[in-house]
Amino acid sequence: MKTRVSQVITFVALFALAPAARAAKPDMCGNGHVQQGEWCDTGGDSATCDGDCSPVDCGDGYVNAAAGEQCDDAGESATCDVDCTVPSCGDGVVNLSAGEDCDGNTPSAGACVSCALVCSAPAASCTDGAKNGAETDVDCGGSCAPCAGGRQCLVDADCLSASCAGGVCAEAQGAPAIAVSQSTVNFGNVLVGTTASLSVSNVQLSGVRNRP
């Protein structure tokens, strides 16, 4: 009887310790069975599950070749595009970290128009139809010709009107109108073959003729 009681006590003690023993088991991610704390478990990398039992997500820093990832630096880097592919000029993905200003007619902040093969912005000019270099607006201001009214500017010299207000060029003013009075000037007798000149201001000339 005493032996049976001892056996029962031992059994109860082992049963009580079982949960703790199960909790102490090492991580079983990769056994193909989804357990507590796992999003998925396909026994390794797959198109839908990373080898760490988390869902596939480009940008998570885990490279999953089975899901088509070539790299994963948790964002753009000099060696990886944001779509988890290796940078390549002409792939249509602009990677500034890899030194690309553009890629396949995809401008970066208007830096370039077409660079499918070069992937770098062309040298700025005053006739390229883009706001670049030291220009304050498209092909004007800065190192280019002054801008017309309504265009962007930084200083007065950027404008044809020589007036930059609030970052916008003022409209250029036309030549001042000449006020003319109704006074009459008569040159009198002017010999044919000779030249007569007269500097006048605010005077309307009338009745001027050559006399023999």
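A few points about this structure:
- From phi via Karplus (6.51, -1.76, 1.60), per-residue ³J(HN,Hα) for the stretch 48-58 in Hz, x at Gly/Pro: 10, 9, 6, x, 9, 6, 10, x, 5, 7, 4
- Per-pair calculated FRET efficiency, R0 = 25 Å: Cys126 and Glu171 via Cβ, rounded to 0.05: 0.70
- What the Kirkwood sum gives for the stretch 27-86 is a hydrodynamic radius of 11.6 Å, with every pair of different alpha carbons counted.
- Based on alpha-carbon atoms, the Kirkwood radius and the radius of gyration of the stretch 124-172 give Rg/Rh equal to 0.94.
- Long-range HN-HN contacts of Cys147 with modeled amide H, under 5 Å: Gly141, Cys159, Leu160
- Site pair Ala145 and Asp73 shows an inter-label distance of 4.4 nm when each label is modelled 7 Å from Cα along Cα→Cβ.
Taken together, the values in this text are just the output of simple stated rules run on the coordinates, not laboratory data. For clarity, every value in this text was computed on a predicted model and none was experimentally measured. Cβ: placed from backbone, ideal geometry, glycine included. Neighbour counts: every protein chain shown.
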